[in-house]
Amino acid sequence: MGKDEIAYLGSDTVYEGKLTFKGTVRIEGKYTGEITSDGTLNVGKDAQVEGTLNVGELLLSGRFSGEVTAKRRVVVYASGVLEGTLQTPNLLTEEGGVIEGQVIMKNPGKLPAKNQSGGADA
């Protein structure tokens, strides 16, 4: 299998601990702990995830509670609930999706506008 291998953690399972992966992982059950990856974490509709995420991309259809740092983007689908702290350069929330907590949007590819002087205030 290649580096984009897909793993699936089923709905009748409970996981606790630390998960590191490449590619894409889909969680349908309950997971508590730390997840680290440059890949994509897909949290299914009935999944419950709690802990710290440091991923490339989060696709959330279920429930997440904790801290998320996503390097590329976060998508909260209509059935998704995110409670906690979220940091990502790109955020998409479908109608019905819920985010409760703090959202920090920073784009690592763009420099912040530091020179505020010299502009006209209209």
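The values are calculated or read from the model by the stated rules, or taken from the named source; none is laboratory data. None of the values given here were measured: they were computed from a predicted structure. When we count neighbours, we look across all protein chains shown, and the Cβ atoms used for this are built from the backbone with ideal geometry, even at glycine. Surface accessibility is based on the protein's heavy atoms, side chains included, excluding ligands, DNA and RNA. Shrake-Rupley method; radii C 1.70, N 1.55, O 1.52, S 1.80 Å.
Before moving on, here are some points about what is shown:
- The stretch 42-81: C-alpha gyration tensor shape, a/c 1.5 cut-off, then a/b vs b/c: oblate
- Applying the criteria of a DSSP loop state and at most 13 other Cβ atoms within 10 Å to the GluC sites (Glu not before Pro) of the stretch 1-98 yields Glu5, Glu94, Glu95.
- Segment Leu92-Glu34, length gained on full extension (0.36 nm per residue, minus Cα span): 18.6 nm
- Cα gyration tensor, the stretch 1-86 - rounded (a/c under 1.5), prolate or oblate: rounded
- Solvent-accessible area of Leu59, all protein chains in place: 30 Å² (probe radius 1.4 Å, heavy atoms, ligands and nucleic acids excluded).
- Stretched out straight at 0.36 nm per residue, the stretch from Lys45 to Ala78 would grow longer than its current Cα-Cα span by 10.9 nm.
- Loop-resident sites, the stretch 1-104, for trypsin sites (Lys or Arg not before Pro), counting at most 11 other Cβ within 10 Å (DSSP): Lys3
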